1. Compute the length gained on full extension between residue 207 and residue 186: take 0.36 nm times their separation in residues and subtract their Cα-Cα distance, giving the result in nm to one decimal.
2. With the crude spin-label approximation of a point 7 Å out along Cα→Cβ, what separation in nm comes out for residue 84 versus residue 162?
3. If you count, for each residue, the other Cβ atoms within 10 Å and average over each peptide, how do 210-223, 153-166, 55-68, 76-89 line up from highest to lowest?
4. Quick one: length gained pulling residue 74 to residue 218 fully straight, 0.36 nm per residue minus the C-alpha distance?
5. Could you compute the net charge surrounding residue 161? Neighbours are other residues with a C-beta less than 14 Å from the C-beta of residue 161; K and R count +1, D and E count -1.
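Each value in this text was obtained by applying a stated rule to the coordinates, not by laboratory testing. Computed from a predicted model, the values in this text were never measured in an experiment. Every residue, glycine among them, receives a Cβ derived from its backbone with ideal geometry; neighbour counts consider all protein chains shown.
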Amino acid sequence: MSRRRTLGTKKKIALLVGAATVAGGGAFVMANASNAAQTTQDARTKAAQDAGVCQGLATALGNNQRFIEGQRADPDAQSQARIENREAVVAEIERKQAASGCAVGESAQDSQTSQPPQAGQEAGGQDTGDQAGGQAGDQAGDQAGEQVCAGSTVTLSGEGGAPAASSNQFPVGTKLRVTNLDNDKSTTVEVNSVSGSCALLNNAAFEQVREEGKFLIRRALIEKVG
């Protein structure tokens, strides 16, 4: 006849504690794995955001440098003052690059190189021949907003002051509405100076439409209004 051995109370408690420890250890490992995955995802997200910040600042720097080069190549009575102003803007952008961990002095040109209007074209780049059939709706189109500079990205000029824009296509006083299609925010500003791009927003205007932490609007709708 076999003898049945019964476990004492202390042994039972020890086994239960051991089992709980193993289960807890497994949960701890799973929690650590989940935390590690989240940390990796957070790091990737931050890296993508940082890349967007650096690219936006590089584009802004390139736009201002191109403007300075243009003023030096074809100067007028106000060119020196404009150059000095833009050199101060360049210095501010480089400070932002340093603060954001970007390569200081790295620049990039806007996605669309704007050319002076050719014969038969208006400043907005639309061929006058194409306008012949649409002149009857010009007034309504101006009120609704005439899309211009299709495909251009928008960044900041780095200038302070009240919300405004600068442009190499539209004269001072022109009103432009810029819409960030990624967040549906828009601002209507008046062109108050010349730049090296279709539309550059100053700091105040850019803050009204940008996504947090970004210095470049990739999907922008630019409209001439008024």
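1. Here the answer is 6.5 nm.
2. 2.5 nm
3. 55-68, 153-166, 210-223, 76-89
4. 48.8 nm
5. Summing Lys/Arg as +1 and Asp/Glu as -1 gives -4.
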